[in-house]
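Worksheet: one structure, shown below.
The values are calculated or read from the model by the stated rules, or taken from the named source; none is laboratory data. Computed from a predicted model, the values in this text were never measured in an experiment. A quick note on method: Cβ atoms are made from the backbone with ideal geometry, for glycine too, and the neighbour counts reach across all protein chains shown.
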2 protein chains.
Amino acid sequence: MNIDDQNGTTVLHRTAEYKPGRSLSTWLIGRPLATADAQHETIGKLVGLAVFSSDALSSVAYATQEILYVLAAAGMGAFGVAVPLAFVIVGLLVILTVSYVQIIYTYPNGGGAYIVARDNFGDRPALVAAAALLTDYILTVSVSISSGVAQVVSAFPILYDYRVEIAVGMVVLIMIVNLRGVRESGMAFAIPSYFFLIMMFTMVGAGMFRYLFGSLGQVIAPPQDVMSQYNILQPLTLLLILRAFSSGTTALTGVEAISNGITAFKEPRSRNAALTLIWMSLILGSLLLGVTFLAHQVGALPSEGETVISQLGRTVFGGRGLTYIAVIAATSIILILAANTAYAGFPRLSALVAFDSFLPRQMTYRGSRLVFSRGIMALGFIASVLIVIFQASVNRLIPLYAIGVFLSFTLAQAGMARRWWKSGHLKAGDTVKEKGSILRFDQHWLIKMIVNGLGALITSVVTIIFAVSKFKDGAWIVVLLIPSLVFMFLSIYRHYRRLAKDLSLDHYGASPRIFRHRVIIPIGGVHRGTLVALRYARTLSDDITAVHVSIDPEDTARLYKKWDMWGDGIRLVILESPYRLFIEPLLQYIEEIDRKRQPNEVITIVVPQFVSRHWMSTFLHARTADTLRKVLLNREEIVITEVPYQVY
Amino acid sequence: MNIDDQNGTTVLHRTAEYKPGRSLSTWLIGRPLATADAQHETIGKLVGLAVFSSDALSSVAYATQEILYVLAAAGMGAFGVAVPLAFVIVGLLVILTVSYVQIIYTYPNGGGAYIVARDNFGDRPALVAAAALLTDYILTVSVSISSGVAQVVSAFPILYDYRVEIAVGMVVLIMIVNLRGVRESGMAFAIPSYFFLIMMFTMVGAGMFRYLFGSLGQVIAPPQDVMSQYNILQPLTLLLILRAFSSGTTALTGVEAISNGITAFKEPRSRNAALTLIWMSLILGSLLLGVTFLAHQVGALPSEGETVISQLGRTVFGGRGLTYIAVIAATSIILILAANTAYAGFPRLSALVAFDSFLPRQMTYRGSRLVFSRGIMALGFIASVLIVIFQASVNRLIPLYAIGVFLSFTLAQAGMARRWWKSGHLKAGDTVKEKGSILRFDQHWLIKMIVNGLGALITSVVTIIFAVSKFKDGAWIVVLLIPSLVFMFLSIYRHYRRLAKDLSLDHYGASPRIFRHRVIIPIGGVHRGTLVALRYARTLSDDITAVHVSIDPEDTARLYKKWDMWGDGIRLVILESPYRLFIEPLLQYIEEIDRKRQPNEVITIVVPQFVSRHWMSTFLHARTADTLRKVLLNREEIVITEVPYQVY
């Protein structure tokens, strides 16, 4: 810190170094990290890929199957469409990747769709993007943990009754690991993530090899449960293909995560984040194409009982051997780890939104391990609540999922398109400083605008298909939730703005000095605590009034006698309380005094407060002092002073 | 109030008369009553009989049946024993009535077994009696409401799934009526209570009439379900008779209620209470004998499906006509109203126990309707919790019931026996003043002692039979609960005693005046609230230090600049916080100052507190002032002053 000390009134005081104790929290999340250590708490590309791509990559485990499910309605002959559809989805992935790389370079402080929309469209669209993304992050946690637990439960049916508890336990576990810091969670989850990648590439590689040498063959005894539902087949309409396409696009959820978490990367962070994103997209694209192509070749069928990955695995590896089991295990683990990406994205995005005063300020505070602990805990809490409400049922949660992220894709793409439009209308060499970035002339603006515009169009169509086709199954919740969240953001913003105005020192004249000081001491009895308070009141003013609310005449008579002896001649006012109320007569009295108050006069209520550390004291005493304080704190120009007196 | 005003320091101040608003509570329980109206809130014998006897009289509805249940094991031939057993039970009723009448005259302030045991045996036996009675009152509410709801549910099986909710609703309803005042609840419940009495006497009278004229006949198609269980009959052993006897004694629960609630009666209250008790016993005894005799005559059988009262009713009235239906309805209602007696007894007893410092003092406060509202609400709350835990199941609750009341009978009888013993050893005309009563020589002490001693013996045997025979079914809970409650009472007592010692002014010398006053203002920023606090601090002392905990260097630099302009030359100390903690460095700093404190120096922490009435403010602000206050209140000689500043 660089504080100039010329006027001699400022002291930089270093208290003895804080020594974190061996508390439960230290044991759980590690010793506190100093603010100065922030740059050590960043991650490189290798760990970054594990942290931010588990969500996107986990979709390899189910995207092909989702496409086949829809196509099944038109019979097995329609499955051939899956491979070209996979190419179209990968094409969309390319557009999204290119545009998010641009976003990462343009907005190196993260925020993705929220910041792009804020800079190019203004607050409200930005808040829609934020609401959509935050909702989707929460759902990512609930859905991915629930689906991981569903896999575990189908292996060990005895655990079925405890699925909600297990799921919430996993949410908490991943939450704790994330509270340890981004570097620590990255390290912890890197091994299973890379294990998944290796197993997937091994399977796809082995499958392609056997395909090229003609030894791939067909799935033995493919599960027929889904196919047998369709006695009468639909024709393969454009609408059906469109629905299959949008089901497949769930593979693209998670592509935006890196753009929200750029600040987690080591410097040069934009470059590191962009390279990680490109690597992620390459892996995702190739695995998606590989799995879809091979699944079609071996004749895998969509099924409730056996996943497409499992059918492909046992065909490629020729049975349920060790390699097959490793593929299945890796798939289960990555589904759970997908939640980790949300834990990396949600807290950073909510901190950005909170920094703009749309969420509670506390979400911008970094916790003892330099992560946004409150965001992490909020995510864990809300996701757990969702799991409990939906009883960890993937079927009931999935219709809510993916709408938010596609809405944010649309807004990000549209925002970038608008930005290229603006940049195309600058003169070469001109720069315009915007809220969060600098706008320069770009000679390729037209082609870039068209690409992003196309991206916006496709993703908006997908959003609408999601919202309409799943509306009755639960998507209506999201459709209602997003505007409600935006309304909440705006209310919070207005609250902070009005507060800041009320506290602002602009147009604040010097206030006159206080000359008169009236002190009122409410007393319940005459004891050591009362006398300690009285002694303190003496230092404040000579105008002291003790006030006693009389409920029981005998008590009052006793108090009166004691006051004679110990009251030091101070005026005692007795308030009769025919209805045995305590607070009301006292307030009425204080109000009467307050009405007669002169300017430059302040009223101080000195409350004798005996303090007991004994746990029983909370329910054995009436705590009238506390009640009084709560009521009086709402009154301007009345100051409450608590004089504590320690008792057993 | 009669306060002498000679020294001119005391002012009797009448604030404007308190006008109760039309609040929810006024609507529910009526406008507040002034303390001076207390004598109007007492009840006469007619209402008193309804309030205090519904518990005892309701046992007419099941006592005979309980005897027959046990005897059934020895076959129908054993049912003849029921009538002589009823006479023995009525004999015990006579002993108890005589002794409680004596208790009512000896202890006119109520308290029954608790006060008798306290005066004649000391605190611990008294607390055992109190614990036993309070437990039993709670169980009376849970059991009687659950059994009433069970009757309703057997009539309308569609309500079965909501039985817990209905039962809790009834607990709350009776609670609210009792909160309206004892007179009001008495009036409300008198009509159904007297309706029950009339129907019972009609039935017993009509039955006796038909018996005398030989037209009574036998039950048509009596239910055989219970009898058919016993293929092999037991012999009618003494143990079986003893068990049948103790089952029948459940009819005596509730006899003690009036002795706990004497203060509810109009003056002359002992006489009114005693006469009510005698009337109650006469009614109870004659109905019990009548029902048992007639049930035997008509050959009623114990059954799960149809009550003995129902069998008797349809035989006496010759079918299921209107009169029969009225009997059944009255019986259902009285079972629920039995709870009302507990609402009359529990709050009064707990207020007496609290007055002796064994329960929280708040239980001695009279609420706005002059009843002990906290006791009423505590009873309603605990009984509801029991109903939820035991799912309103009478079968699971009943084993816990009646042990407590018989334990209290034993203690009351034994206490009175001891008292007669003492009185017999005084000289004629001598009086001894005891804690709660005056002891006089009594020439009939020996016979009275023998009667009470016999009563103590019989009731103790019944207590033991209850505890042993129902131990496994749940009585163990009560056997554990009573000592735990006694332990709790004693802990509370010790807490109050130590507190009183700490606050006592005995041996308290005049404390020295305070000469130095150090003021510390923790500030988070420089705004209007800070300046208001600063202005106030100026009136306290010239030795003022503003303290800022620096978490973000940029924020601190801004604050420093503002302080230069607005800080009025006051010393500003900046505490660096490398771990982003707020409270800890501040506490460390205050401790450093505290260690250097001189005698006669006081430290005041002036906390600028902005106060927002907006509901959002509770979660939008970090509320560090509150945390600070909670931590600092535990430190001796540090005074906390909150200077409120109103914002939106």
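If a residue must be part of a helix (DSSP H, G or I), over 41 Å from the mean Cα position of the chain (by Cα) and surrounded by 14 or more Cβ atoms within 10 Å (Cβ to Cβ), how many such residues does the stretch A:209-250 contain?
Kept after step one, since they are part of a helix (DSSP H, G or I), are these residues of the stretch A:209-250: A:209-212, A:227-229, A:238-250.
Next, from what is left, pick out any that are over 41 Å from the mean Cα position of the chain (by Cα): A:209-212, A:228.
If we keep only those that are surrounded by 14 or more Cβ atoms within 10 Å (Cβ to Cβ) as well, we get A:210-211.
Count: 2.
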| field | Any hit, the stretch A:462-475, residues being away from every other protein chain (no Cβ under 11 Å), without any contact (Cβ under 8 Å) to a residue 60 or more places away in the chain, under 30 Å from A:Met416 (Cβ atoms) and surrounded by 14 or more Cβ atoms within 10 Å (Cβ to Cβ) | value | yes
| query | Which ones in the stretch B:166-190 are touching a Leu at 6+ places or on another chain (Cβ under 6 Å) and aliphatic (A, V, I, L, M)? | reply | B:Ile176
| said: Looking for something in contact (Cβ under 8 Å) with a residue 24 or more places away in the chain, surrounded by fewer than 24 Cβ atoms within 10 Å (Cβ to Cβ) and either basic (Lys, Arg) or over 16 Å from B:Gln65 (Cβ atoms) (or both) - is there at least one such residue anywhere in the stretch B:288-305? | reply: no
| Here are some conditions: (1) out of contact with any Phe, Trp or Tyr (no Cβ under 8 Å at 6 or more places or on another chain); (2) assigned to a helix (DSSP H, G or I). B:Gly110 meets all but one. Which one does it not meet? | (2)
| task | Kindly indicate which of A:Tyr536, A:Tyr508 is among the aromatic types (Phe, Trp, Tyr) and under 47 Å from the mean Cα position of the chain (by Cα). | result | A:Tyr508
| said: It is to be established whether one or more residues within the stretch B:191-203 are over 18 Å from B:Leu288 (Cβ atoms), in contact with a Leu (Cβ under 7 Å, 6 or more places away or on another chain), assigned to a loop (DSSP other than H, G, I, E, B) and not hydroxyl-bearing (Ser, Thr, Tyr). | reply: no
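Okay, residues lined up against (1) crowded, with 18+ Cβ neighbours inside 10 Å; (2) more than 22 Å from the chain's Cα centre (by Cα):
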position: B:Ala155; (1), (2): no, yes
position: B:Tyr162; (1), (2): no, yes
position: B:Gly169; (1), (2): no, no
position: B:Ser185; (1), (2): yes, no
position: B:Ser193; (1), (2): yes, yes
| request: Would you confirm whether any residue within the stretch B:518-525 is part of a helix (DSSP H, G or I) and either more than 9 Å from every other protein chain (Cβ to nearest Cβ) or modelled with pLDDT of 85 or more (or both)? | output: no
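Within 14 Å of another protein chain (Cβ to nearest Cβ), farther than 30 Å from A:Ala546 by Cβ and either modelled with pLDDT of 90 or more or surrounded by fewer than 20 Cβ atoms within 10 Å (Cβ to Cβ) (or both): does that describe B:Ser25?
Working: within 14 Å of another protein chain (Cβ to nearest Cβ): yes; farther than 30 Å from A:Ala546 by Cβ: yes; either modelled with pLDDT of 90 or more or surrounded by fewer than 20 Cβ atoms within 10 Å (Cβ to Cβ) (or both): yes.
Spelling it out, B:Ser25 is indeed within 14 Å of another protein chain (Cβ to nearest Cβ), farther than 30 Å from A:Ala546 by Cβ and either modelled with pLDDT of 90 or more or surrounded by fewer than 20 Cβ atoms within 10 Å (Cβ to Cβ) (or both).
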| request: Determine the pairs where a residue that is β-branched (Val, Ile, Thr), located within the stretch B:425-436, has a partner that is at pLDDT 75 or above with Cβ atoms under 6 Å apart, the partner being 6 or more residues away or on another chain. | output: B:Thr431/B:Ile438; B:Thr431/B:Arg440; B:Val432/B:Leu439
| field | Whichever residue in the stretch A:369-412 is closer than 15 Å to A:Ser144 by Cα and within 10 Å of the chain's Cα centre (by Cα) and, among such residues, is surrounded by the most Cβ atoms within 10 Å (Cβ to Cβ) | value | A:Ala383
| query | Only one residue in A:Arg366, A:Arg374 is in a loop (DSSP other than H, G, I, E, B) and basic (Lys, Arg), so which one is that? | reply | A:Arg366
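In the same structural domain as B:Leu575 (by TED's automatic domain parsing) and either loosely packed, with under 14 Cβ neighbours inside 10 Å or within 35 Å of the chain's Cα centre (by Cα) (or both): is that true of B:Arg558 in this structure? Full working, then the answer.
Numbers: in the same structural domain as B:Leu575 (by TED's automatic domain parsing): yes; either loosely packed, with under 14 Cβ neighbours inside 10 Å or within 35 Å of the chain's Cα centre (by Cα) (or both): yes.
Yes.
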| task | Return the pairs, sorted by first residue and then second, in which the second residue is outside any helix (DSSP H, G or I) and not hydrophobic (A, V, I, L, M, F, W, C), the first residue lies in the stretch B:159-179 and is without any contact (Cβ under 8 Å) to a residue 40 or more places away in the chain, the beta carbons are less than 7 Å apart, and the residues are 6+ apart or on different chains. | result | none
| note | Of the residues in the stretch A:534-545, those that are buried (at least 19 other Cβ atoms within 10 Å of the Cβ) and more than 9 Å from chain B (Cβ to nearest Cβ) come to A:Leu534, A:Ala537, A:Ile544
| Index of the failed condition, A:Leu397 passing every other in (1) aliphatic (A, V, I, L, M); (2) within 14 Å of chain B (Cβ to nearest Cβ); (3) assigned to a helix (DSSP H, G or I); (4) touching a Leu at 6+ places or on another chain (Cβ under 8 Å) | (2)
| remark: Here the residues within the stretch B:366-399 that are at positive phi and in contact with an Asp or Glu (Cβ under 7 Å, 6 or more places away or on another chain) are B:Leu370
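Look through A:Arg348, A:Arg361 and report the one residue that is modelled with pLDDT under 90, closer than 29 Å to A:Leu33 by Cβ and among the charged types (D, E, K, R). Give the steps one after another, and end with the answer.
Working: A:Arg348 fails: modelled with pLDDT under 90.
Within the list A:Arg348, A:Arg361, the selection yields A:Arg361.
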| request: For the stretch B:578-610, name all the residues that are at pLDDT 85 or above and of a type in the set (Ser, Thr, Tyr). | output: B:Tyr589, B:Thr604
| Are any residues in the stretch B:637-648 among the hydroxyl-bearing types (Ser, Thr, Tyr) and either more than 7 Å from every other protein chain (Cβ to nearest Cβ) or surrounded by fewer than 17 Cβ atoms within 10 Å (Cβ to Cβ) (or both), and if so, which ones? | B:Tyr645, B:Tyr648
| Any idea which of B:Arg597, B:Arg629, B:Arg623 is in the same structural domain as B:Leu531 (by TED's automatic domain parsing), surrounded by 14 or more Cβ atoms within 10 Å (Cβ to Cβ) and touching a residue at least 24 places away in the same chain (Cβ under 8 Å)? | B:Arg597
| note | Exception for A:Gly453 within (1) of a type outside the set (A, V, I, L, M); (2) touching a residue at least 12 places away in the same chain (Cβ under 8 Å); (3) in a loop (DSSP other than H, G, I, E, B) falls at (3)
| helices (runs of 4 or more DSSP H) wholly inside the stretch B:553-636 containing at least 3 residues that are more than 26 Å from B:Arg535 (Cβ to Cβ) and facing chain A (nearest Cβ under 8 Å) | B:583-595
